[in-house]
Amino acid sequence: MAQDKKTALKKIIEKLHAGEDPEEVKREFREVLGDASAMDISMAEEELIQEGMPREQIHRLCDVHLAVFRESIEKQGDIAPPGHPIHILMHEHSAMLDMAEELSKIASSIKEAAREPTEAEAKRIKELIDQFKDAEKHYLREENALFPQLEKHGITQPPAIMWMEHDQIRDVKKQLFSSISEENGVVHVDVKKLANMALALREFLSNHFYKENTILFPAAMRVVTEKEWDVVRADFAEVGYCCFVPEDAIPAPVEKKDEALLSEGEVRFESGTLRIDVLEAILNTLPVDITFVDRDDRVRYFSLSKDRIFVRSKAVIGREVQYCHPQKSIDKVNQILDDFKNGRRDVADFWINLRGRLIYIRYFAVRDRDGKYLGTLEVTQDVTDIKTLEGEKRLLDEPAAIAPRL
């Protein structure tokens, strides 16, 4: 975008935030910047935030921006071919709006008639609620697959604002979900709450999806490369699709490719690359003790956690795991290993009281992509304090000086 056009657009946005009449600003926009694209608008808002305008202020007046820029934005039409990640997201937008509309109509009809829902209505309400629960995958795909690609290209603020709205949608859905319950196969509905929250969800989704369809997605189509879209497609497949997305709308998964060269002392995984010293530090920082036994029943690794529950010495490396257990336990150990090797089960767990603490011990069969047995992972954790947790504790509830950083 030419710098003079970007400057003019930023001034127009600033006028909106200063409280000037949207109709006057809209007229100026047509005269000066009638051909501005969604990407232009997005980048201008990005710079305003970088220059100090609070993100919350951009978000609060985003609807005003849309009203002013709607005519320019709506000229874009279809922006992605069938099977493309953006096409899938937009298909889901349409499906969820239809679901919200149907749910709102059913709930309003029951509320206005001051009656209880029929059995058929209660069943359909439950189906729609379940679909909205499964729709969480839609937001997770955007947050974990699409947004990182936009951030690589310097588009950071629009995804952050959309994520804020995702969390607001989650709050609305949480209230919606609490309006129904099921007991012995019978669905019970708080009709008034359902009607209010279904209407709120419909309005919120309509506004939010419009912003993504007309601003965020066109920006993504402009900057994300074909190779990066392949990565997005693979990430989409890993997160999974919603129950209401037809199979023919989903592209065949593609293998993610990382062409970057490994530096000495690095290990490449499917989901990233780590230096060996960092990997070891991560394993030793985990709040669990882990031990790996190979396919031949020999101990090959154990983590050096700060406060290990069971003592391990380096002398056990290469030792048959049967010799690491008391004689009375060997039959059980062998049974678990034999079940893992023969595919009869993948997990075995038990718990014990040790010195006044509750210790949870789990064995997991480790297999390759083809299901071939590679060994067994033992995970031991002190769950005494975990059992006492109640309610919720949000990240921001922590004092600023000691709050963990993600």
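List every residue pair whose Cβ atoms lie under 6 Å apart, where the two residues are 6 or more positions apart in sequence or sit on different chains, the first residue falls within segment 282-296 and is touching a residue at least 60 places away in the same chain (Cβ under 8 Å) and under 17 Å from Thr384 (Cβ atoms), and the second residue, located anywhere, is basic (Lys, Arg) and exposed (fewer than 15 other Cβ atoms within 10 Å of the Cβ). From segment 282-296, the pairs are Asp289/Arg308.
Assigned to a loop (DSSP other than H, G, I, E, B) and at negative phi: which single residue out of Ala252, Ala315, Ala281 fits that description?
Ala252
For segment 279-293, indicate whether the set of residues that are in the same structural domain as Leu377 (by TED's automatic domain parsing), more than 30 Å from the chain's Cα centre (by Cα) and exposed (fewer than 13 other Cβ atoms within 10 Å of the Cβ) is non-empty. Checking segment 279-293: not a single residue is in the same structural domain as Leu377 (by TED's automatic domain parsing), more than 30 Å from the chain's Cα centre (by Cα) and exposed (fewer than 13 other Cβ atoms within 10 Å of the Cβ). Checked against (1) exposed (fewer than 12 other Cβ atoms within 10 Å of the Cβ); (2) at pLDDT 95 or above, Val311 passes all but condition (2). Selection of segment 356-369 for residues being modelled with pLDDT under 95 and under 27 Å from the mean Cα position of the chain (by Cα) yields Asp368, Arg369. Assessment of segment 215-237 against the conditions (assigned by TED's automatic domain parsing to the domain that holds Met96, in a loop (DSSP other than H, G, I, E, B) and either without any contact (Cβ under 8 Å) to a residue 40 or more places away in the chain or not acidic (Asp, Glu) (or both)) yields at least one matching residue. Mind checking whether some residue in segment 178-189 is part of a helix (DSSP H, G or I) and either crowded, with 17+ Cβ neighbours inside 10 Å or touching a Ser or Thr at 6+ places or on another chain (Cβ under 9 Å) (or both)? No, there is no match, as no residue in segment 178-189 is part of a helix (DSSP H, G or I) and either crowded, with 17+ Cβ neighbours inside 10 Å or touching a Ser or Thr at 6+ places or on another chain (Cβ under 9 Å) (or both). Each residue in segment 144-160 was checked for being over 23 Å from Asp98 (Cβ atoms), surrounded by 15 or more Cβ atoms within 10 Å (Cβ to Cβ) and within 15 Å of the chain's Cα centre (by Cα), and 5 of them qualify. The set of residues from segment 210-238 being buried (at least 16 other Cβ atoms within 10 Å of the Cβ) and within 17 Å of the chain's Cα centre (by Cα) comprises Glu212, Val231, Val232, Arg233, Ala234, Asp235, Phe236, Ala237.
Counting the residues of segment 287-324 that are closer than 14 Å to Leu374 by Cβ and acidic (Asp, Glu) gives 3. The residue of segment 112-129 that is surrounded by the fewest Cβ atoms within 10 Å (Cβ to Cβ), among those that are basic (Lys, Arg) and within 23 Å of Met96 (Cα to Cα), is Lys123.
Inspect segment 333-342 for any residue being polar (S, T, N, Q) and surrounded by 12 or more Cβ atoms within 10 Å (Cβ to Cβ) and give the result as yes or no.
yes
Annotation note: of Lys5, Lys11, the sole residue that is surrounded by fewer than 17 Cβ atoms within 10 Å (Cβ to Cβ), modelled with pLDDT of 75 or more and charged (D, E, K, R) is Lys11.
The values are calculated or read from the model by the stated rules, or taken from the named source; none is laboratory data. The structure displayed is predicted, hence computed values, not measured ones. For neighbour counting, all protein chains shown are included, and Cβ atoms are generated from backbone atoms with ideal geometry for every residue, glycine included.
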